[in-house]
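Notes follow the structure.
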Amino acid sequence: AIASGTGSVPESVHGFNGTPRGQPIYRLVGLPVCSQQTSLALEFNGAGDYLAINDDPAFYLTNSLTLEAFICYFGRLPSQGMQSQIVFRGDDRGSLDPYCLQVDPAGTLRFHMADAQDTYAEVWSPSGIPTNRFIHVAGTYDAPSGRQTLYIDGSPVAVQSTSVHPFGALD
C-alpha cells in the first residue's frame, strides 16, 4: 500500500507524526534483529520519496545526539551526484544543516554536523555499505568529549574529535 496523507505515519513515543512525500510504499519485513518477527517498514524509491516531520524544539540537538536507523539498499544506491538522506534536519537554505546521516552514490555512509557559522564536522565509512540486507547505521556525538562516531551494525567504522556543535533553530 502507498503511504499517503498528512500525519499518516505515526510516531508512537512523542507524537511527531510524519507526512509521506512522493509515493513510499508500506512493506511487511522481517526484523533484522529477530528473524521470527515482522514489522511494517517504508520503502523509498530513491527518486524523491521521503517522510517529512515538522520541525520542533525537541529536534534542537545542540549537544550530544544519536541518529540511527535500520536500512536496506536492494542493489539501488543513489544516482550519481545525489545523496540518499536517512535522517536529515534542515531547511530550504543551501548547506547550513545541523545534522544528517546519509549515503552517497558510492554507497559510503556519512554522518555530518554543522554549527550556525556552517563550520562542519563529518565522518565517513571507509567503504560502501552492504546491500541487499538490513543493516543498523548510527552516528553519535558526545559533546563533553567531542567524540563523533559512525557505526555500522554496532561496530565503529569512523571516529574523530571535534569542537563543532549542531545549531538549534532553523530559518
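Every number in this text was worked out from the coordinates using simple rules, so none of it is lab data. The structure presented is a predicted model; accordingly, all values stated were derived computationally and were not measured. Neighbour counts run over all protein chains shown; Cβ positions are idealised from the backbone, glycine included.
Values computed for the structure shown
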quantity	calculated
Ordering of 127-133, 52-58 by packing [mean C-beta count within 10 Å, highest first]	127-133, 52-58
Label-zone membership for the range 118-153, site SER163, 7 angstrom Cα→C-beta point, backbone N under 17 Å	118-122, 142-148
Under 19 Å from the ALA143 label point (7 Å along Cα→beta-carbon), backbone N, the range 38-68	56-68
Choice from HIS112, HIS14, HIS136 with maximal GNM fluctuation in the chain (Cα, 10 Å cutoff)	HIS14
Contact order normalised by residue count of the chain, Cα under 8 Å, 6+ apart, percent	18 percent
Under Karplus coefficients 6.51, -1.76 and 1.60, residue-wise ³J(HN,Hα) of the range 117-123 in Hz, glycine/proline x	8, 6, 7, 10, 9, 8, 10
GNM result for the chain, Cα springs below 10 Å: residue of PRO144, PRO20, PRO126 fluctuating most strongly	PRO144
Segment HIS14-ASP92, extension gain: residue separation times 0.36 nm, minus the distance between their alpha carbons	25.6 nm
Read-out Rg/Rh (Cα atoms, Kirkwood Rh), derived from the coordinates shown; its label in (1) 1.18; (2) 1.24; (3) 0.95	(3)
Cβ-defined net charge surrounding ASN54, 15 Å radius [Lys, Arg +1; Asp, Glu -1]	-4
